[in-house]
1. Please compute the Cα-Cα pair-distance distribution of segment 144-245 with 5 Å bins starting at 0, giving whole percents from short to long.
2. Build a GNM of the chain with springs between Cα atoms under 10 Å: which of ALA70, ALA215, ALA110 gets the top mean-square fluctuation?
3. Of all DSSP beta bridges located in the chain, what percent are antiparallel, nearest 5?
4. Which residues' amide hydrogens lie under 5 Å from the amide hydrogen of ARG178, considering only partners 5 or more residues apart or on another chain, with H built in the peptide plane?
5. Per residue Cα convex hull volume for the chain, in cubic angstrom?
6. Read phi for every residue in segment 106-118 and hand back ³J(HN,Hα) as whole Hz from Karplus 6.51 cos²θ - 1.76 cosθ + 1.60, θ = phi - 60°, with x for Gly and Pro.
7. Connecting C-alpha atoms closer than 10 Å in a GNM of the chain, tell me which of ILE66, ILE205, ILE93 has the biggest fluctuation.
8. Counting helices only, and only those DSSP H runs with n ≥ 4, report the 222 nm mean residue ellipticity of the chain as the sum of -39,500 (n - 2.57) divided by its residues, in deg cm²/dmol to the nearest 500.
Amino acid sequence: MSLLHDTAALRALNAHARAWARVLRLPFRQQRWRGQAGSFLGTGTGSSLDFHDHRAYLPGDDPRQINWQAYARTGSYTMKLYREEVRPLVDVILDVSASMFAHAAKERRALELLAFVCESALQSGASLRCHAVAGAECRALEPESILGGQWPERVAGMSAVSAPPDLQRVQLRAGALRVLVSDLLFTCPPEAVLGSLAGRQGRGIVLAPFAREEADPAWDGSYEFLDPETGLPHDHRVEPALLRRYEAAYRRHFDLWKAAALRHHIALVRVSSDAEFLKALQTEGVPAGAVEMG
């Protein structure tokens, strides 16, 4: 049975994600934040213990923040300024097109990535919003429904959409950390997707699950292939030359995505469905800055 239809399995997966999020987490320390009070350093001033700057005293200022040592030396009142503590903003976008769930191992890895990102955000006290997208259709997902394993009913029917995800229809917040979980197996210019992740002072991360069956297939002979987006079968005989062309096209596809991600300053990480979760994510994720050690 598909994990999408097994609430108990999804809840168990989320329990694993809580443990993973204590080892790795989203790269909150790599960004200065603006927003609500929290535990991460912001770009403004506030009342944390991290000294930031001085300024002249103004009527109405809190006298507890006066630098009395400086007053003893100069006779002038100056205020100590400290870094503002803020809550990060995290917007998660899950691609729910059919190719994401075409292989059991890949489906599990995609759902593990979703659970990990949500758990990492919540454990860090971030303000979390989640969205499912397929083509031009976008639906909001309550974080509680993801943690409880009830969210698949919210996206019923969306996987039948075969168009690339239109992220311009997703309500992404300014300055947010935007995490797209997608296999990127659609035909559109990478900029059409990546531009939305990088806009309005946001920081983009793409976590792309993949299966060995699609990255390094062992095809030889006649096969009936099933298009995961349309559900239609088609017969092909796979000769070595055809397999080489497929492998070259597959590599070229992701080379284009990685080059575009670099131009947009987006961390794009491909996450294998073969390796254990933490190892698979850490291999590319830490060097790329998509995750950091907890």
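Computed from the coordinates by the stated procedures, all read-outs in this text should not be read as laboratory data. Note that the coordinates shown come from a computational prediction; the quantities given were computed from them, not determined experimentally.
1. 2, 9, 13, 17, 18, 16, 10, 7, 5, 2, 0
2. Among ALA70, ALA215, ALA110, the largest mean-square fluctuation in the Gaussian network model of the chain belongs to ALA70.
3. That works out to approximately 50 percent antiparallel.
4. Those qualifying (amide H under 5 Å, at least 5 residues apart or on another chain) are ASP91, ARG203, GLY204, ILE205.
5. Each residue corresponds to 149 Å³ of Cα convex hull volume.
6. 3J(HN,Hα) across segment 106-118, in whole Hz: 5, 4, 4, 5, 4, 6, 5, 5, 4, 5, 4, 4, 5.
7. ILE66
8. Mean residue ellipticity at 222 nm (helix-derived): -10000 deg cm²/dmol.
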